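Read through the structure below, which is laid out as structure tokens, and then see the notes.
What follows is calculated from the coordinates using simple rules that are stated; it is not laboratory data. Worth saying up front: this structure is predicted, and the values here are computed from it rather than measured. Glycine gets a Cβ as well: all are built from the backbone with ideal geometry, and neighbour counts include every protein chain shown.
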Amino acid sequence: MRRILCISAHPDDEAAAFGGSVSLYSAHGVHCRLVCLTAGEAARNRGGAADNAALQALRRAELAHSCKLLGFARHEVWDLPDAHLAEADFYTTVGRLVAVIRDYRPNLMLSFGPEGSVTGHPDHAMAGTFATAAFHYAAQQRPFPGTEDLPAFQVSRLLYSTAAFQPPDFPKLFLPPPDVAVPVAAWVERKIQAFRCHATQAPLFERVETFLRLAGGRELFHLAAGVPLPSTGAVDDLWAGLDE
């Protein structure tokens, strides 16, 4: 079975960044899994939560609804510090991800680039940095705690979510150039519906929905590492050029 592993920073990233592709591929039998590194307790929009613990519980439940709608077969939420991912222990975090990769054995990994994707969010940047290190280290028999009995595994491709432009009012940065444009027009409404599962983030709905519609029914990805893409023609499939 084909497998995709997505690594995100916060609940709602899965819908905004990968939702269309996950919906598309899961509908064609691809097993998709999400690792969300934080429970989003530092969010400015708090949905009436009395404290961080209450907000974590709300956002975990919202994420579960979103993942079910998008077609994720499995998801998990870690308890790394929201808004402070850069302070998480690098070796421990990468080791945990290496264990997931070696156990799950995905064909593809989707995450963010070290620039933080369209928002430039530092947590997005760190999620991508952890994911990138884990992608490479999983293929080497490094002695990470908890991985001693898991054989090394090489994921075929690591791809960063990117875009043709940034939403207004975000820090200007150099986005990774798109290499693959996945056609998700048929799944845009589901993607938006999944983002709306995150009711605590309701003040963001209009802004995010506008941006998702302006994306033109495509999700763009940059090939960060792995098997090269075909050298001719437009690429619209994350598996293009991979052996069956």
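Treating only the Cβ of Lys, Arg, Asp and Glu as charged (+1, +1, -1, -1), what charge dipole size does the chain show about its Cα centre? Round to the nearest 20 debye.
Working: 21 positive and 26 negative charges, 75 e Å.
My answer is approximately 360 debye.
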In the range 3-226, what % of DSSP beta bridges are antiparallel (nearest 5)?
-> 35 percent
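Using the number of other C-beta atoms within 10 angstrom as an exposure proxy, rank TRP187, TRP239, TRP78 with the fewest first. Display every interim value, and only then the final one.
Working: TRP187 23, TRP239 18, TRP78 13.
Ranking TRP187, TRP239, TRP78 by Cβ neighbours within 10 Å, fewest first, gives TRP78, TRP239, TRP187.
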Burial ordering of PHE165, PHE205, PHE174, fewest other beta-carbon atoms within 10 Å first | PHE174, PHE165, PHE205
Could you give the radius of gyration (one decimal) and Dmax (whole number) of the Cα atoms in the chain, in Å?
-> 16.9, 55
Expressed as cubic angstrom per residue, what is the convex hull volume of the alpha carbon set of the range 106-163?
-> 75 Å³
The range 137-194 versus the range 27-102: alpha-carbon centroid distance in Å = 15 Å
Mind checking the dipole of the range 47-109: about its Cα centre, +1 per Lys or Arg Cβ, -1 per Asp or Glu Cβ, Debye to the nearest 20?
-> 400 debye
Rel. contact order, % - alpha carbon contacts under 8 angstrom, at least six apart, the chain | 23 percent
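Using the per-residue mean of other Cβ atoms lying within 10 Å as a proxy for protection, in what order, highest first, do the peptides 111-117, 149-155, 196-202, 131-137 fall? Could you put the intermediate results ahead of the total?
Working: 111-117: 23.7, 149-155: 14.0, 196-202: 19.6, 131-137: 22.0.
Highest to lowest by the protection proxy: 111-117, 131-137, 196-202, 149-155.
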Given a cut-off of under 8 Å on Cα pairs at least six residues apart, what relative contact order in percent is computed for the range 183-236?
-> 49 percent
Could you tally the net charge around ALA15, taking each other residue with its Cβ under 13 Å from the Cβ of ALA15, Lys/Arg +1 and Asp/Glu -1?
-> -2
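For the ranges 69-76, 218-225, 82-89, what's the packing order if you count other beta-carbon atoms within 10 Å of each residue, average per peptide, and put the highest first?
Output ranking for 69-76, 218-225, 82-89: 218-225, 69-76, 82-89.
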Given charges at Cβ of Lys, Arg, Asp, Glu: the range 3-226 dipole, positive-most of THR147, PHE18, ALA185 = ALA185
Which percent of Cα pairs goes in each bin when the distances of the range 32-74 are cut into 10 angstrom slices starting at zero?
-> 29, 48, 22, 1
What is the P(r) of the range 34-179, as percent of Cα-Cα pairs per 10 Å bin from 0?
-> 11, 34, 39, 14, 2
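Going by how many other Cβ atoms sit within 10 Å of their own, how do ARG59, ARG33, ARG105, ARG207 line up, fewest first? All intermediate terms of the calculation are to be shown ahead of the outcome.
Numbers: ARG59 28, ARG33 19, ARG105 15, ARG207 12.
So the residues, fewest neighbours to most, are ARG207, ARG105, ARG33, ARG59.
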